[in-house]
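**Q** A single structure is presented below for examination.
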Amino acid sequence: NNSDVEEIIEYTKNKDVPVNDELYGIAEGKNIILISMESTQQFVIGKEVRGKEITPFLNDFIKDSYYFDNFYHQTGQGKTSDSEFLLDNSLYPLPRGAVFQTHPLNEYFATPEILKKQGYHSAVFHGNNKSFWNRDIMYNTMGYDEYISQEYYTINENNQINYGLKDRPFFKQSMDYLSEMSQPFYSRFITLTNHHPYKYDESDQLVPTFETNDPIVDRYPVTVSYTDKAIKEFIGQLKANGLYENSVIIIYGDHYGISERHNDALAQVLNKEEITPYDNVQLQRVPLIIHIPGQKGKTISKVSGQIDLKPTILNLLGIGQQGIQFGTDLFSEQHKNVAIFRDRSVVTDAYVYTKDTCYDRASGAEVNPESCTEAQQHLQELELSDSLIYGDLLRFLNMARNN
Ligand code: GP9
Ligand code: MN
């Protein structure tokens with residue numbers, strides 16, 4: 001009902017932070033190119049396997065981009081689709097199931113819909129079946145103009161593996177569509193090759209495997225590095241087509257790739273004796289790289305999550321806060337340093353709260369549970385976001401907007 005939506009508006013208004021005057025509107029009218037890196041965790045960045053960098057291209061690209069090294073995924077059972085939901089709505093995915101499948105006909109106020117009013121064209125590119133995760137329906141709801149899915153690509157036995165088209169031909173073929181697209185555009189490219197169980201063709205192998213005797217962990221750097229190369233080629237193509245200078249490029253990991261079941265092998269790879277619950281939380285970090293033409297590279301270590309990207313993008317474009325958003329602009333001096341997970345873990349500047357235990361964030365040492373009282377208060381956000389989705393409450397907000 002209406003009073004609930006008032007409560008949520010009030011909460012998110014109180015959370016709102018001032019914009020960064022230097023960066024607000026810096027990308028006005030530019031294209032947005034989001035690249036979702038399948039199952040890519042932050043620990044691979046800068047890491048080597050037997051003397052070979054796993055992500056040589058990204059390591060380089062970071063040098064002239066904003067790089068966020070404390071950025072967490074916030075997905076639940078809806079995996080990639082949950083990350084997409086977080087990005088486009090700045091709402092939390094649901095505690096059970098995939099919101100793309102359970103609530104695809106709700107009223108939302110997603111970024112593509114907002115940008116349409118500014119003359120933007122929007123599209124998602126992905127080499128899998130269009131109905132996977134109910135994407136075709138949900139993209140329509142969120143206001144996407146186009147979904148370039150499996151049927152748009154030439155796929156044969158030589159250029160696919162695992163769930164679909166390999167990332168290198170995916171980006172190459174996508175360029176045919178992208179170069180024809182009306183500008184400015186808001187686009188997302190969803191990679192696929194680095195998906196569990198990390199199968200690859202030997203001819204695609206660029207780095208050695210890890211050697212832990214856990215095949216999932218061992219193969220992981222090989223498929224990650226394949227995607228790194230695919231992105232390198234894509235960026236090269238963007239430069240050749242003149243799109244690079246006119247686009248903000250945002251590269252991020254969708255969710256973890258190595259589950260807790262593989263912690264023994266992962267501990268070996270990370271040179272740790274064991275993976276504690278604190279480490280498990282820290283392993284939920286995924287890379288976030290934001291490249292803005294003309295801006296120098298900088299590493300930013302604020303605590304942040306996928307929920308923060310929508311407000312960040314809207315501020316870079318000079319559009320500002322629209323409707324309800326739970327995240328805060330990553331570039332704001334007063335960005336809220338918090339990441340709330342769907343499993344009810346919370347990370348703040350000072351603490352990591354998980355599995356009823358409170359840890360000092362910097363050292364990982366267990367501390368008095370009371371230290372995490374404030375961190376736990378952030379959990380109310382999940383309830384507010386959930387009730388908004390269960391009650392389809394944005395109906396009321398959009399009704400008011402249209403009147
Ligand atoms: C499927 C791809 C992978 O199209 O996005 O999905 P995931 O299993 O990671 O959610
Ligand atoms: Mn995924």
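The values are calculated or read from the model by the stated rules, or taken from the named source; none is laboratory data. On a predicted model such as this, the values are computed, not experimentally measured, just so you know. Counting neighbours? That spans all protein chains shown, and the Cβs are built from the backbone with ideal geometry, glycine included. Quick note on the areas: whole protein, heavy atoms, side chains included, nothing else; ligands and nucleic acids left out. Shrake-Rupley method; radii C 1.70, N 1.55, O 1.52, S 1.80 Å.
**Q** Hey, which aspartates and glutamates would be in cross-link range of Lys172, C-alpha to C-alpha under 20 Å, not counting anything within fewer than 8 residues on its own chain?
**A** Filter leaves Glu38, Glu146, Glu151, Glu157, Glu180, Asp201, Asp204, Asp228, Glu233, Glu245.
**Q** What is the percent carbon and sulfur in the accessible area of the chain, measuring with a 1.4 Å probe over the protein chains and ignoring ligands? Please list the in-between numbers first.
**A** Working: 6980 of 16350 Å².
Carbon and sulfur atoms account for 43 percent of the accessible area of the chain.
**Q** OK, next. Could you tell me the distance between the Cα centroids of region 312-361 and region 24-87, to the nearest Å?
**A** Value for the Cα centre distance between the two parts: 16 Å.
**Q** Dividing the alpha-carbon Rg of region 69-170 by 2.2 N^0.38 Å yields what?
**A** Output field value: 1.14.
**Q** Here's another thing I want to ask about it. Treat each spin label as a single point 7 Å out from the Cα along the C-beta direction, and report the Thr357 to Glu28 distance in nm.
**A** Rounded to a tenth, the inter-label distance reads 5.1 nm.
**Q** Applying a 10 Å radius around every beta-carbon, put 251-258, 143-150, 335-342 in order of their mean neighbour count, most first. Spell out each step's value before the answer.
**A** Working: 251-258: 23.1, 143-150: 19.2, 335-342: 21.2.
In decreasing order of mean packing, 251-258, 143-150, 335-342 become 251-258, 335-342, 143-150.
**Q** Let me ask another. With viscosity set to 1.306 mPa s and temperature to 10 °C, compute the Stokes-Einstein D of region 235-391, Rh being the Kirkwood radius across alpha carbon pairs; µm²/s, no decimals.
**A** So the translational diffusion coefficient is about 89 µm²/s.
**Q** Return a whole-number percent for the relative contact order of the chain, with Cα pairs under 8 Å and 6 or more residues apart as the contact set.
**A** Details: 823 pairs, mean separation 116.8, N = 403.
Once normalised by length, the contact order is 29 percent.
**Q** So, one more: Rg and Dmax of region 1-121, Cα atoms, in Å?
**A** Gyration radius and largest Cα-Cα distance of region 1-121: 18.2, 59 Å.
**Q** What translational diffusion coefficient, in µm²/s and rounded to a whole number, does the Stokes-Einstein relation yield for region 1-40 at 25 °C and a viscosity of 0.890 mPa s, taking the hydrodynamic radius as the Kirkwood radius over Cα pairs? Mind showing how you got there, number by number?
**A** Details: Rh = 14.0 Å.
Diffusion coefficient, whole number: 175 µm²/s.
**Q** Based on the mean of other beta carbon atoms within 10 Å per residue, what is the order of 14-21, 48-55, most packed first?
**A** Numbers: 14-21: 13.5, 48-55: 16.6.
So the order, starting with the most tightly packed, is 48-55, 14-21.
**Q** Working out 0.36 nm times the residue gap between Leu105 and Glu366, then minus their Cα-Cα distance, what length gain in nm do you get to one decimal?
**A** Details: separation 261, 0.36 × 261 = 93.96 nm, distance 4.39 nm.
Extra length from Leu105 to Glu366 when fully extended: 89.6 nm.
**Q** Rounded to the nearest Å, what's the spacing between the alpha carbon centres of region 125-145 and region 102-124? Just the number, please.
**A** What the calculation gives is 12 Å, centre to centre.
**Q** Using Cα positions and a limit of under 17 Å, work out the lysines in reach of Lys30, with same-chain residues fewer than 8 apart set aside.
**A** Lys116, Lys117, Lys239, Lys310
**Q** Under a 10 Å cutoff between Cα atoms, tell me which one of Ile190, Ile33, Ile161 has the largest fluctuation in the Gaussian network model of the chain.
**A** Looking only at Ile190, Ile33, Ile161, the largest GNM fluctuation is found for Ile161.
**Q** Kindly provide the chymotrypsin sites (Phe, Trp or Tyr not before Pro) of region 196-229 that DSSP labels as loop, not H, G, I, E or B, and whose Cβ sees at most 14 other Cβ atoms within 10 Å.
**A** Working: sites: Tyr198, Tyr200, Phe210, Tyr226; in loops: Tyr198, Tyr200, Phe210.
Answer by residue number: there is no such site.
**Q** Among the lysines, which fall within straight-line cross-link reach of Lys166, defined as a Cα-Cα distance under 21 Å, with same-chain neighbours fewer than 8 residues apart omitted?
**A** In chain and number order, the partners are Lys79, Lys130, Lys199, Lys229, Lys232.
**Q** Obtain the radius of gyration and the Kirkwood radius of region 326-403 from its C-alpha atoms and give Rg over Rh. All intermediate terms of the calculation are to be shown ahead of the outcome.
**A** Values: Rg = 16.0 Å, Rh = 14.4 Å.
Rounded to two decimals, Rg/Rh equals 1.11.
**Q** Still on this structure, I have one more. For the chain, what proportion of DSSP beta bridges, expressed in % and rounded to the nearest 5, is antiparallel?
**A** Working: 23 of 49 bridges.
Taking every DSSP beta bridge within the chain, about 45 percent pair in antiparallel fashion.
**Q** Report, please, the projected area of the chain averaged over directions, based on the convex hull of its C-alpha atoms, in nm². Can you show the working numbers first?
**A** Numbers: hull surface 76.0 nm².
The directionally averaged projection comes out at 19.0 nm².
**Q** With a ≥ b ≥ c taken as the square roots of the eigenvalues of the C-alpha gyration tensor of region 147-263, please select rounded if a/c is under 1.5 and otherwise prolate if a/b is larger than b/c or oblate if it is not?
**A** Values: a/c = 2.15, a/b = 1.83, b/c = 1.17.
Prolate, because a/c is 1.5 or more and a/b exceeds b/c.
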